[in-house]
Amino acid sequence: MPATPAPTAGLESDACYLAMKAHDARFDGSFFTGVTSTGVYCRPVCRVKLPRRENCCFFRHAAQAEAAGFRPCLRCRPELAPRAASWSTEDASRILALQAARLIDEPDAWTEEGPGAARIAARLGVSDRHLRRIFESQFGVSPLQYLQTRRLLAAKQLIADTRLPMTQVALASGFASVRRFNAAFVTHYGLNPSALRRAGAVRVGQAGESVEVRLGFRPPYDGAAMLDFFARRALRGVEQTSDSGGQPRFGRTLRVSQGGRSLAGWLQLRFDPAREQVLLRVGDSLAAVLPTVISRVRALLDLDAEPMVINGVLHASFPEGDGLRVPGTVDGFELAVRAVLGQQITVAAARTLGSRLVEAFGEPIATPIDGLDRLFPTPAAIAGASGDALGQLGIVRQRQSALFAVAREMLEGRLALHAGADVPATLAALQALPGIGDWTAQYIAMRALRWPDAFPAGDVALQKALGVGTARAAAEASQAWRPWRGYAVLRAWHRPATPPAAEASAATALHTPTRARTGATA
């Protein structure tokens, strides 16, 4: 059995034990418990018999538990836990280490070569040696050990929840070969990967097979508000909301480009609030890139937010919004296009334009879900469209210029719109394009880049909700909410006491700029 390791810095062991005793889901993913009598490590929500206090040691990250010799619990499955937050207002070394971990966690940030310590260090502008030093100081493990744990846990989920051949499991999880995958799995977990395979993991849908996985989140979570957000913006053919037996579901099509290949398929999700989980079904055509799909869905639903930390900053100002999350996207290019289309018009009008664009330039796709039969247009499709064709859809020339510019930048690799992108550089690149101002750039940063401190100060609805009259005053009022100003924006837009005129504006604010926004360009 593993020897009892030294306590992890910053964790209060007695408090962790009480949270584990209560199965408190608010702490899920915030720490892991290593049990020396069994050699396994668990999530705080694990329902096995409570171990004795003297047999427990606590870790902030799964990688630390595995480095200490513990293997993941097969019941609570640590790979399902929400990820730890990657934003901080603390010292620069901690921020750098957290940003490095964020890059490792973001599959869309890398080519088929994957992340490595040297490449991450180059992205962050520091030396490989410096990155390793601060990473080990912060997490207690090297970047390589952290990455290895992420890959193994991703593989463990694929083994448990799918029938993918082990070769595909290995490649999808980031291993260069099955031999290396098997060796790492046996070394870390003392098990052959095939021992974890569960029969009947694949569900058979109406038109083929699908994979079903569970994704954890920390409460409180207002799932109804999130699904309502997507329902009011659903594009015909691409997205659909339904209600089956009183259980609202959201489904959509998507395309994943990875490793020089492009795969298309569908997904459908619903919330399981009793278990603090989301049930996700993914078409089998996307099973080979399931870790990437899972990462995108977690971003879409903001499942990795830490509400206790956020609410600690925002609750006094916005007590009614503790369960709200910032909606994300499964495709940064799609989000940018939709933001441009919605400039200065209502949500309903933007939805109409987006649906017309999908009908004209989106590829058809067959799915087992009625109403899901189109993919959102690719950058190549938009860049190759004529101005006349876009004009016939009702898209004015100034927005056409913005769409063409974003599509060209994405095609040429000069613009990346995902959670691993450099936020300041991306904001600057966006605002250098025709037809994109500060508000649109901030909105894209909030939803596509997952930047929690995004703040569209020029938004009129936001200013009214905050009781100020200028962008400068709104920015000044927001300083107390950093680094969670994006969440403050969402709460301000949802305030129930907002005056009627501002309520109408707030209904459109989550999607597009209004005419009076100083950051928008016509």
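Bear in mind that the values in this text are calculations on the coordinates, not laboratory data. Values in this document were obtained by computation on a predicted structure and should not be read as measured data. All Cβ positions, glycine included, derive from the backbone under ideal geometry; neighbour counts span all protein chains shown.
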(message) Tell me the Rg and the Dmax, in Å, that the Cα atoms of the range 293-397 produce.
(response) 17.7, 51
(message) Please report the net charge: other residues with Cβ closer than 11 Å to the Cβ of residue 152, K and R +1, D and E -1.
(response) +2
(message) Show me the ranking of peptides 119-128, 38-47 by mean Cβ neighbours inside 10 Å, starting with the highest.
(response) 38-47, 119-128
(request) Excluding residue 383 itself, calculate the net charge of residues whose Cβ lies under 10 Å from the Cβ of residue 383, where each Lys or Arg counts +1 and each Asp or Glu counts -1. (result) -1
(request) Calculate for the chain the 222 nm mean residue ellipticity that helices alone would give, adding -39,500 (n - 2.57) per DSSP H run of length 4 or more and normalising by residue count, nearest 500 deg cm²/dmol. (result) -12500 deg cm²/dmol
(request) Apply 1/(1 + (r/R0)^6) to the Cβ-Cβ distance of residue 191 and residue 279, taking R0 = 25 Å, and write down the FRET efficiency to the nearest 0.05. (result) 0.40
(request) Using the Cα centre as the reference, give the magnitude of the dipole from point charges on the C-beta atoms of the range 262-353 (Lys, Arg: +1; Asp, Glu: -1; all else neutral), rounded to the nearest 20 debye. (result) 280 debye
(request) Go ahead and run the numbers for FRET between residue 473 and residue 224, Cβ-Cβ distance against an R0 of 41 Å, rounding to 0.05. (result) 0.80
(message) Can you give me the distance in nm between label points at residue 38 and residue 50, each placed 7 Å from the Cα along the Cα-to-Cβ direction?
(response) 1.5 nm
(request) Can you tell me which of 160-166, 373-379 comes out highest on packing, and rank the rest after it, using the mean Cβ neighbours within 10 Å? (result) 373-379, 160-166
(message) Can you divide the C-alpha Rg of the chain by 2.2 N^0.38 Å and report the result to two decimal places?
(response) 0.96
(request) Between beta-carbons, use under 11 Å as the cut-off and find the net charge around residue 481, counting Lys and Arg +1, Asp and Glu -1. (result) +2
(message) Checking the cross-link filter: which lysines have an alpha carbon closer than 28 Å to that of residue 49, excluding same-chain neighbours under 8 positions apart?
(response) 21, 156
(message) Along the Cα→Cβ direction, 7 angstrom out, place labels at residue 144 and residue 21. What is the inter-label distance in nm?
(response) 4.2 nm
(message) No partner Cβ under 4.7 angstrom, meaning no disulfide-compatible partner by this rule: which Cys of the chain qualify?
(response) 16, 56, 57
(request) Between the alpha-carbon centers of the range 344-398 and the range 125-161, tell me the distance in whole angstrom. (result) 40 Å
(request) Please turn the phi angles of the range 171-180 into ³J(HN,Hα) values with the Karplus equation 6.51 cos²θ - 1.76 cosθ + 1.60 (θ = phi - 60°), one per residue in order, whole Hz, x for glycine and proline. (result) 5, 5, 8, x, 8, 6, 7, 5, 4, 5
(request) Determine, for each peptide in 209-222, 288-301, 423-436, the mean count of other beta carbons within 10 angstrom over its residues, then list the peptides with the highest first. (result) 288-301, 209-222, 423-436
